[in-house]
Every structure is written in structure tokens, then in C-alpha cells.
Amino acid sequence: MPALSRRQWILAGLAALVVLTGLVTWLVWPSGGEAPRERRYGSFTACLLTDDKGLAGEQARASWAGMQQASLATAAKVQYLSVAGAQTPSNAASYFNSLGVQRCGLIVAVGPGPVAATAAGHGQFPGVRYLIVGSSPDPALPAVPAAGPDAITAAVRDRMTEAVHNAPK
């Protein structure tokens, strides 16, 4: 058996050092604890229809906060849509209709255009529940008074939670 040269000893030592370093690193590497969990939503979706201010408006922001609180408590999915362009009922109607077609279980309307579009079109989607923030132009549509932000948040949260629990399974 031939003797190993000095160069071969050095290469073998370096290879062993690399393997040992890798092994030690693998053994002491933190396990990471729990694997990241994805959020699992139920089958209910609540939708917020806002004016062109989106979530920057005080009532929309308060409504969205209530919807998010209800979502955490019920696993309902929440989404919002802002009316772009002219803030008229006819322009807002196309945005309202897109939420109805998406099968939102609850549509919350904030702002004059979205409220008017919801009042005019709610009969098209009879299985959907509706909630107006402010005064409702239609007695058939429930409303949350446009009180302070905390009151709006709590009322929207409670109404959405109720809608989720009363939704057909």
C-alpha cells in the first residue's frame, strides 16, 4: 500500500473538516418550532363597498376594522372594493353587481354612491345580507348609525358575526 503524500493528507483533512462542519451545523441548527400556518377560511365571504376614498375614509376604516375582528372570530373571509371614477349610483352599481356575482354573503356599503347602488340593486341578489353604514334609504336594508368609529366597528363586527352564524351551511 503506497504512502499518502503530504498533499493528499491535507486534502483528506480538509474534506473531513468540511464534512464535520456540515454535520455539526446540521445538528445544532434550530428546528424552527412550528411550521408556518396558513389562515383557513370558512365558506362565508363578507364584502365592503366603499367610495373612492377606499379604506382612508373614517367610516370605511371603522367598518373594515369591525369586519376584520369578525373574520378572526368566525374564519369568514373579508374583502373590499372601492368605487373608482364618478361617485354616482349608476357608476357604483357596476361595483355593487360585481360583489353580488362574487357571492358575498354580506355586503357592507359605505358612502353615498355605494349606499345608493346597494339600495337600488339589493333585490338582484336575494341570498345576500346587506348592511348600510349611515342612514339607509330603504327600510328593508339594515343600517349602522354613523356614530363614532368605535361604535361603527363594534356594530359591523356584531352584524357580520351574526350573518356568519346564521348563514346556510
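Computed from the coordinates by the stated procedures, all read-outs in this text should not be read as laboratory data. The model shown is predicted, which means the values in this text are computed figures rather than measured ones. Quick reminder, even Gly has a Cβ in these numbers, built from the backbone with ideal geometry, and neighbours come from all protein chains shown.
Return LEU27, LEU99 ranked ascending by Cβ neighbour count within 10 Å, so the fewest neighbours appear first. All intermediate terms of the calculation are to be shown ahead of the outcome.
Working: LEU27 7, LEU99 26.
Ordered by Cβ neighbours within 10 Å, fewest first: LEU27, LEU99.
Just from its helices, what would the mean residue ellipticity at 222 nm be for the chain, if runs of 4 or more DSSP H residues each count -39500 (n - 2.57) and the sum is divided by every residue, rounded to the nearest 500 deg cm²/dmol? Walk me through the intermediate numbers first.
Numbers: 5 runs with 81 residues, N = 169.
Calculated from helices alone, the mean residue ellipticity at 222 nm is -16000 deg cm²/dmol.
Round to a whole angstrom and tell me the spacing of the C-alpha centers of segment 53-70 and segment 90-149.
First find each Cα centre; the distance between them is then 15 Å.
Over the chain, what is the relative contact order in percent, taking alpha-carbon pairs closer than 8 angstrom and at least six residues apart?
Values: 249 pairs, mean separation 40.1, N = 169.
Computed over the chain, the figure is 24 percent.
Using only the alpha carbons, work out the radius of gyration and Dmax of the chain in angstrom.
Computed over the Cα atoms of the chain, radius of gyration and Dmax are 28.3, 100 Å.
Any idea what the relative contact order of segment 78-169 is, in percent, if you count C-alpha pairs under 8 Å spaced at least 6 apart?
Working: 106 pairs, mean separation 20.1, N = 92.
It comes to 22 percent, rounded to a whole number.
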